[in-house]
1. Return the residue satisfying two criteria in turn: it lies in the stretch 143-186 and is part of a loop (DSSP other than H, G, I, E, B), among the hydroxyl-bearing types (Ser, Thr, Tyr) and more than 15 Å from Gly55 (Cβ to Cβ), and of such residues it is nearest to the chain's Cα centre (by Cα).
2. Among the residues of the stretch 6-18, is there at least one that is modelled with pLDDT under 95, under 21 Å from the mean Cα position of the chain (by Cα) and under 16 Å from Ile94 (Cα atoms)?
3. Taking Asp252, is it touching a residue at least 40 places away in the same chain (Cβ under 8 Å), buried (at least 19 other Cβ atoms within 10 Å of the Cβ), assigned to a loop (DSSP other than H, G, I, E, B) and out of contact with any Phe, Trp or Tyr (no Cβ under 6 Å at 6 or more places or on another chain)?
4. Looking at Arg140, Arg133, Arg72, which one is within 21 Å of the chain's Cα centre (by Cα) and either part of a helix (DSSP H, G or I) or surrounded by fewer than 21 Cβ atoms within 10 Å (Cβ to Cβ) (or both)?
5. Looking at the stretch 206-229, which of its residues are assigned to a loop (DSSP other than H, G, I, E, B) and more than 12 Å from Val285 (Cα to Cα)?
6. Cβ-Cβ below 8 Å, separation at least six or inter-chain, first residue in the stretch 286-297 and in contact (Cβ under 8 Å) with a residue 40 or more places away in the chain and more than 11 Å from Leu49 (Cα to Cα), second of a type in the set (Ser, Thr, Tyr) and surrounded by fewer than 16 Cβ atoms within 10 Å (Cβ to Cβ): which pairs?
7. For Ala292, are the conditions met, namely being touching a helix residue (DSSP H, G or I) at 6+ places or on another chain (Cβ under 9 Å), part of a strand (DSSP E or B), buried (at least 18 other Cβ atoms within 10 Å of the Cβ) and at pLDDT 95 or above?
8. Pairs please, first residue from the stretch 315-329 and closer than 19 Å to Arg251 by Cβ, second anywhere and surrounded by 19 or more Cβ atoms within 10 Å (Cβ to Cβ) and small (Gly, Ala, Ser), Cβ atoms under 6 Å, 6+ apart in sequence or on different chains.
Amino acid sequence: MRLLWIVMGCWALAASAQPKHKGVCWVGGREVVTATQVQAAKDAGITWLSQTPFGWQDSAHSPLVQSNTGTRVWWGESDEGLMVTTQLARDNGIQTLLKPHLWLRQGWPGDIAMKSEADWTLWFASYEAFILRYATLAERSGIPIFCIGTELQKTTVHEAEWRAIIAKIRKVYSGKLTYAANFHDEFEHIRFWDALDYVGVQAYFSLSSQEAPTLADLREGWRQPLAALEALHKKCRKPVLFTEIGYRSTRDAAREPWRWPQATDHVQQSEQAQADCYETFFQSVWNQKWLAGVYFWKWYPHPGHRHHAVDFTPQQKKAEAVLKKWFSL
């Protein structure tokens, strides 16, 4: 018994000694990525990139998942683009996480739900083909972490089907696995965390409903999510990855961080509000022992890109200085 505790203690020590992922969600655009653009990420202290190829569904009730592999796919989301970006990152000492998403022509992936058992069978078969394709690409490219799905909360109640998919992924992919669960009403209810290596969370928690919250208000906003995340970590005994987190550069950045800029009318720009949300994350969350790392949404590789004034990116804004400061420690 004493030997068991020693072994477990050594495992915990080794796990805690792993460098945290200092990550960003890399935008796969139309243009070819260069080593200079990857070097710019490295200069900001970034050590991990997540890359996002897409699959398509016509609607939340369609049982057909289509891989986006045609001639119209953007270079950064193509197989070639994913592999070249991975190699350029590796050449600069940056690791990559491959994180396929589903894009609905109407709706949000969390709405995906079939209307019959027959359609559920078709959907899982279709999704399995889609995700195994990218798991094989991840193995071929030497990508160390693969995300098996993102915010598919009405599908993840089908535990047996997801466990079967995980088992098949393990047969073609030798790296670590995670799933990116929505922060609201999903991450605490996943029943197959034990089959994965990381608990993945899309961490768009609301931090304050106030118009101009202070840093103290924002730290208080993290209190309840941190308690829930720590409890899940203790239950699953798995490290937690924030597979996404992000804030717009608007005055209400902390209120509903998940909202897209174009979904918000009459917003007021505020680089300071975004920077305060970044600073509060690093003060309140970054040093939690259960946190394996973070991926900030989002980072454009092309410096000539005309960033939206209220976009999620921290680039060329006050939040970039905050990220660089903490990632460089």
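1. Here the residue is Thr156.
2. Yes - at least one qualifying residue is present in the stretch 6-18.
3. Considered against the rule, which asks whether it is touching a residue at least 40 places away in the same chain (Cβ under 8 Å), buried (at least 19 other Cβ atoms within 10 Å of the Cβ), assigned to a loop (DSSP other than H, G, I, E, B) and out of contact with any Phe, Trp or Tyr (no Cβ under 6 Å at 6 or more places or on another chain), Asp252 comes out as yes.
4. Arg133
5. Ser206, Leu207, Ser208, Ser209, Gln210, Glu211, Ala212, Pro213, Thr214, listed by residue number.
6. Listed pairs, sorted by first residue: Lys289/Ser16.
7. yes
8. Close Cβ pairs (under 6 Å, with a partner that is surrounded by 19 or more Cβ atoms within 10 Å (Cβ to Cβ) and small (Gly, Ala, Ser)) amount to Lys317/Ser249; Lys318/Ala275; Ala319/Ala275; Val322/Ala275.
The values are calculated or read from the model by the stated rules, or taken from the named source; none is laboratory data. Keep in mind the model is a prediction, meaning the values are calculated, not measured. Cβ: placed from backbone, ideal geometry, glycine included. Neighbour counts: every protein chain shown.
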